[in-house]
Amino acid sequence: MAEAARQAEDGVAPGAGPGGLRVGVLAYPGCFASEVFGVPDLLTMAGHVAGPDVPGYRVWVVSPRRRVTASGGAILDVRPLRELDVLVVPGFELRPDTDLDARLTRLAPEIAAIRAQAAAGTAVVSLCVGAFLLAEAGLLDRRRATTSWLHAAELARRCPDADVRPEHLVVTDTGVTTTAAFSAMYDFALDLIRRHHGARVARTTARLTLVDDARTSQTPYVDPRLLPQPGREFSQRVMRRLDQNLAQRYDLTALADAFRVSTRTLLRRFAEETGRSPLAHLQASRVRRARHLLETTDRTVAAVAAAVGYRDPGTFAALFARHTGHRPSAYRAAFHRTDRAPAPESGVQSARHPGVLEDPGEERRQGGSGPMTHRGSHRGRSGVPGSGTW
């Protein structure tokens, strides 16, 4: 009993033992309190699942400050920074009006601590927009990374040497891990448990805590309407026309004629404003509409394919899987909602979207290009403790 009390006081998870993995969560002013405690809580559950005879996790909430007030005014009990195996950096509230430069300047002590921990060989993990602190510390240069899809473009802009992967839930590159938004902290934690305790403990922990351990992408959660869209008047008009005619055959020449420009000009201006091609936008819009139909109706996959412009369900299924990471039937099984009224099978929607086959290679033949991504060169460093593992 005395030993258990001592471990609780010292922040040691059940079953940790003297050889437990040392995990620190970096608390800082305004950080999301849920992201401070989410990972430790899941690790605690994993420790119970693994049992007292298996080395578990020694977890502390750490800070270079003596006092930290998190989001919602929660006052956190913090410990001084120490030697760690893993440092977790939570996210914070990032609103459209946030002065990010000023915010990061105020977090200079934390950024210095992140840099020092990485230099000492600690595996560093960011949750959600905690990636901006890692970027400021120089840890994302020439590495693959991710963050919330809502802020991925801004991260790529601020860190041009990073290879930002907005579709990924968790990315690990040479000892540095970044995650998507909020609940992706559990995807990371399960991965850590899987690496440290094995697949059985991770799977059982996921079942006990009702955490999805089968997600592979954040793409199904993306809502383009929430993305910032300044200075995109031309592309907005093109996208509106495409969105209103999802099931019509894609014809680049006709689209350019509708806006009284050449196909070359259309592709160039659209790419300058959006970073991708009109065809890529059309495909994404079709997939988004298909997701809605799969979630809210009982239409067959073939009927959903026809409603968004594909006569061949196989072609549609391949495109859908490429965008979402799920085949249409698997997506429906995971996301179908029974609390919504079915979308009408006839009327305005079906009249606007008769089944028409699109040729995915058509734009390439007419001089178009696929989606543009933010790429940097891979650092390829070696010798970093925990590179790609924990």
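Considering only L242, V201, T296, and ranking their Cα positions along the charge dipole of the stretch 180-298 that arises from unit charges at the beta-carbon of Lys, Arg, Asp and Glu, the one farthest toward the positive end is L242. Between amide H atoms placed 1.01 Å from N, distances below 5 Å from V59 occur with V12, A13, V23, all of them 5 or more places distant or on a separate chain.
Residues whose amide H comes within less than 5 Å of that of F92, counting only those at least five positions distant or on another chain, are F32, V129, G130 (H built at 1.01 Å from N in the peptide plane). On the beta carbon distance between R327 and R200, with R0 = 22 Å, the FRET formula returns roughly 0.25. Taking 0.36 nm per residue of separation and subtracting the Cα-Cα distance, full extension of the segment from R269 to L100 would add 57.9 nm. Full extension of the chain between Q244 and F259 gives 3.9 nm of extra length, using 0.36 nm per residue less the Cα-Cα distance.
Measuring with a 1.4 angstrom probe and ignoring ligands and nucleic acids, H323 comes out at about 50 Å² accessible.
From the alpha carbon centroid of the stretch 21-99 to that of the stretch 224-268 is 45 Å. Label separation (A153 vs R66): 4.5 nm, computed from points 7 Å beyond Cα along the C-beta direction. Only protein atoms count toward the accessible area here, which uses a 1.4 Å probe; on the stretch 17-139, the carbon and sulfur part of that area reaches 53 percent.
The values are calculated or read from the model by the stated rules, or taken from the named source; none is laboratory data. Just so it is clear, the model here is predicted, and its values are computed rather than measured. Cβ: placed from backbone, ideal geometry, glycine included. Neighbour counts: every protein chain shown. Quick note on the areas: whole protein, heavy atoms, side chains included, nothing else; ligands and nucleic acids left out. Shrake-Rupley method; radii C 1.70, N 1.55, O 1.52, S 1.80 Å.
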